[in-house]
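The values are calculated or read from the model by the stated rules, or taken from the named source; none is laboratory data. Being a predicted model, the structure only gives us computed values, none of them experimental. Here Cβ is always computed from backbone atoms with ideal geometry, including for glycine, and neighbour counts include all displayed protein chains.
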Amino acid sequence: MGVGDTGSLHHTAWVVNDVEKAAKSLADSLSIQWSVWTIEPVACTVHGKDVPCTFKVAIAQIGDSNFELVEPLTGRSVYVEHLETKGEGFHHSCIFYPSRESARQARDLLLTQGRTMIQTADLGELGEFCYFHMPETDSVLELLYLSELPAPEKTIG
């Protein structure tokens, strides 16, 4: 099974210092609406070590895909590292999987290829995700399973 065999492109994401400020500016410029959530994973690992972290996301649907903005809140996540080393900007593309099992199969395939998993998050019953560094593009690939998104905390635009 290839990574894309059972998944679909879900979003392209940028790390920013202030999700709400960036979402407001982009909503005005692009005439799109953002939904905002605070994410508090049940468990999170960064570079293989347990690191509790929280972050804020805003998602805007664009056709059959989405834009995502991510703002680190607490903990030493890959988002913090990105802001420190590259500043605000493109961070990852995400492939969504229809089941937890299919997301884990894709993860395991990348691990058997010797790929480097840089962060994981267990979202409890809501789902899970993991990030891999992809040296071919010097970027990050997210593998995501979500059962469903709760209602957003707020909308912008």
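Which residue, of SER77, SER8, SER31, SER65, is polar (S, T, N, Q), crowded, with 20+ Cβ neighbours inside 10 Å and either at pLDDT below 95 or under 13 Å from the mean Cα position of the chain (by Cα) (or both)?
Selected residue: SER77, the only one of SER77, SER8, SER31, SER65 that is polar (S, T, N, Q), crowded, with 20+ Cβ neighbours inside 10 Å and either at pLDDT below 95 or under 13 Å from the mean Cα position of the chain (by Cα) (or both).
Could you please give the count of residues in region 11-28 that are small (Gly, Ala, Ser), touching a Phe, Trp or Tyr at 6+ places or on another chain (Cβ under 7 Å) and either modelled with pLDDT under 95 or not in a helix (DSSP H, G or I) (or both)? If you could, list the steps in order and put the result at the bottom.
First, pick out the residues of region 11-28 that are small (Gly, Ala, Ser): 13, 22-23, 25, 27.
Right, trim to touching a Phe, Trp or Tyr at 6+ places or on another chain (Cβ under 7 Å) and you get 23, 27.
Of the ones still in play, those that are also either modelled with pLDDT under 95 or not in a helix (DSSP H, G or I) (or both) are none.
Matching residues across region 11-28 total 0.
Just the residues that are more than 14 Å from the chain's Cα centre (by Cα) and more than 18 Å from HIS91 (Cβ to Cβ), please, taken from region 34-57.
SER35, VAL42, ALA43, GLY48, LYS49, ASP50, PRO52
Determine whether VAL140 is part of a helix (DSSP H, G or I), under 29 Å from GLN33 (Cβ atoms) and within 17 Å of the chain's Cα centre (by Cα).
Details: part of a helix (DSSP H, G or I): no; under 29 Å from GLN33 (Cβ atoms): yes; within 17 Å of the chain's Cα centre (by Cα): yes.
No.
Quickly run through region 119-137 and pick out the residues that are of a type in the set (A, V, I, L, M) and part of a strand (DSSP E or B). Don't jump to the end; show me each part of the working.
Looking only at region 119-137, we keep the residues that are of a type in the set (A, V, I, L, M), and these are 121, 123, 126, 134.
Hits for region 119-137 are ALA121, MET134.
Tell me yes or no: at least one residue of region 119-139 is over 22 Å from ALA60 (Cα atoms), in contact (Cβ under 8 Å) with a residue 40 or more places away in the chain and surrounded by 17 or more Cβ atoms within 10 Å (Cβ to Cβ).
Here is the first cut: in region 119-139, the ones over 22 Å from ALA60 (Cα atoms) are 119-120, 122, 124-125, 132-138.
Filter again for in contact (Cβ under 8 Å) with a residue 40 or more places away in the chain, leaving 119-120, 122, 124.
Keeping just the survivors that are surrounded by 17 or more Cβ atoms within 10 Å (Cβ to Cβ) gives 119-120.
Within region 119-139 (the criterion being over 22 Å from ALA60 (Cα atoms), in contact (Cβ under 8 Å) with a residue 40 or more places away in the chain and surrounded by 17 or more Cβ atoms within 10 Å (Cβ to Cβ)), the answer is yes, since at least one residue qualifies.
Are there any strands (runs of 3 or more DSSP E) wholly within region 33-117 with 2 or more residues that are of a type outside the set (A, V, I, L, M, F, W, C), and if so which?
Those strands (runs of 3 or more DSSP E) span 34-39, 54-62, 65-74, 89-96.
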